[in-house]
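Notes follow once the structure below has been shown.
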Amino acid sequence: MEKVVAVIMVGGPTKGTRFRPLSFNTPKPLFPLAGQPMIQHPISACKRIPNLAQIFLIGFYEEREFALYVSSISNELKVPVRYLKEDKPHGSAGGLYYFRDMIMEENPSHIILLNCDVCCSFPLPDLLEAHKRYGGMGTMLVIKVSAESAHQFGELIADPNTKELLHYTEKPETFVHTHYSSSNCEVSDLINCGVYVFTPDIFTAIQGVLTHREDRANIRQVSSFEAFQSATRTLPVDFVRLDQDILSPLAGKKQLYTYETTDFWEQIKTPGMSLKCSSLYLALFKITSPQLLASGNGITSATIAGDVYIHPSAKVHPTAKVINISSSSSILSSAIGPNVSISANVRVGAGVRLISCIVLDDVEIKGNGDYNAKLGITILGEAVTVEDEVVVINSIVLPNKVLNVSVQEEIIL
């Protein structure tokens with residue numbers, strides 16, 4: 001039986017500085033998106049691969065930071081998950097090669113390689129099947145983007161018929177143009193998604209790069225000053241990048257192929273992207289894991305609007321007291337969502353409204369209080385429309401107005 005292993009590159013504290021301050025107390029791969037650690041989304045996708053033997057996580061974090069999570073997810077998914085700590089930066093391909101003996105322990109026929117900070121639906125079984133049809137050394141997941149934004153990523157050209165990778169450039173300064181037909185030359189709109197499947201031949205390709213560098217280093221005869229200049233310009237001999245050192249040189253040699261996804265894809269580089277990606281994963285749950293999404297009846301539990309995740313240990317108050325415009329008051333259910341993820345041991349009080357947010361562990365959001373003192377007196381004239389999510393506090397609004405922004409202590413003429 002053919003076996004498959006998966007390798008997820010998780011980086012480390014020396015990288016991912018753009019994700020601060022969210023990564024100060026929690027390693028970036030463990031930051032929750034849609035109620036699950038960021039890394040759990042690709043791990044769960046790997047579980048859907050037939051004949052998956054093992055999952056490896058490679059990074060620079062201390063082993064103790066991942067020990068509890070690795071043990072927990074291994075038991076939950078019934079698949080061995082191991083964390084491997086690099087002793088120093090080896091590059092995306094060099095890190096894979098450094099742990100080649102462990103990766104090949106189960107004698108796998110294929111190796112799935114992913115980056116942790118990628119958000120997508122991870123169609124890994126389909127990618128693997130396409131790779132087997134192509135018969136090459138490797139296949140990468142690609143997606144179409146606007147030609148104007150393609151140069152921000154790993155830009156590539158693929159044969160439209162065979163899907164062979166013809167050209168690859170990592171974040172080129174100028175657009176890459178298709179060259180498979182002189183009569184049809186247009187700007188490339190395909191980019192690398194950072195998700196791959198390789199045969200074990202990938203290790204032979206990496207070894208070839210290392211051998212070439214060692215040979216060049218041995219025959220180089222330069223003065224000490226020239227050696228110093230050379231050292232400042234070149235990478236360490238054992239530092240191998242997947243894109244520049246493997247993908248680019250092998251493009252057009254019938255060894256690498258592409259598989260295009262039409263689903264969503266994003267990079268998780270900044271704190272703002274975490275909220276967008278959480279929303280994408282919540283929407284995906286409707287298809288893959290609907291049991292993870294919260295529901296509410298608006299009477300004994302909070303009203304749920306859109307896609308929401310609530311951890312089983314969280315306490316969300318079922319009602320919120322709303323001061324009516326008239327002299328009387330009414331009890332309405334609180335509303336949570338859309339795009340809300342509530343983590344473990346969170347407490348949400350009465351009257352709280354949550355929308356587009358990630359609430360981390362042990363947070364308390366209070367909602368009780370003296371509403372009369374806070375809201376003052378608000379008068380709305382005849383035929384006034386107050387749109388959703390708009391708050392009006394201690395204000396007077398003349399007739400026939402439409403409020404689409406919140407106001408406080410104002411007279412709207």
Q | Computed Rg/Rh of the stretch 3-159, alpha carbon atoms with Kirkwood Rh | A | 0.95
Q. Amide H neighbours of residue 379 under 5 Å, counting only residues 5+ apart in sequence or on other chains, H built in-plane at 1.01 Å?
A. 395, 396, 397
Q. Once phi is turned into θ = phi - 60°, what whole-Hz ³J(HN,Hα) does the Karplus curve with 6.51, -1.76 and 1.60 give for every residue of the stretch 90-96, x standing for Gly and Pro?
A. 10, x, 4, 8, x, x, 4
Q: Among the aspartates and glutamates, select those whose C-alpha is under 12 Å from the C-alpha of residue 276, and discard any that sit fewer than 8 residues away in the same chain.
A: 266
Q: List, in order, the whole-Hz ³J(HN,Hα) value for each residue of the stretch 395-407 obtained from phi through the Karplus relation with A = 6.51, B = -1.76, C = 1.60 and θ = phi - 60°; use x for Gly and Pro.
A: 9, 10, 10, 6, x, 6, 9, 10, 9, 10, 10, 6, 9
Q. Taking the mean number of other Cβ atoms within 10 Å as a proxy for protection, how do you rank 285-293, 263-271 from highest to lowest?
A. 263-271, 285-293
(Q) Under the rule of at least 5 residues apart or a separate chain, name every residue whose amide H is placed under 5 Å from the amide H of residue 195. (A) 141
Q | Efficiency of FRET between residue 379 and residue 51 - r from beta-carbon atoms, R0 41 angstrom, step 0.05 | A | 0.05
**Q.** DSSP-loop trypsin sites (Lys or Arg not before Pro) across the stretch 1-103, with at most 11 other Cβ within 10 angstrom
**A.** 78
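For the stretch 1-80, run through the GluC sites (Glu not before Pro) and keep only the ones in DSSP coil with at most 13 other Cβ atoms within 10 Å of their Cβ.
Sparse-neighbourhood loop GluC sites (Glu not before Pro): 2, 62.
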Q) What is the set of long-range amide H partners of residue 315 at a cut-off below 5 Å, with H atoms built 1.01 Å from backbone N? A) 346, 347, 348
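Read-outs throughout are calculated quantities, based only on the coordinates presented, and are distinct from any laboratory measurement. Since this is a predicted model, take the numbers as computed values, not measurements. Cβ sites come from the backbone with ideal geometry, for glycine too, and all protein chains shown count toward neighbours.
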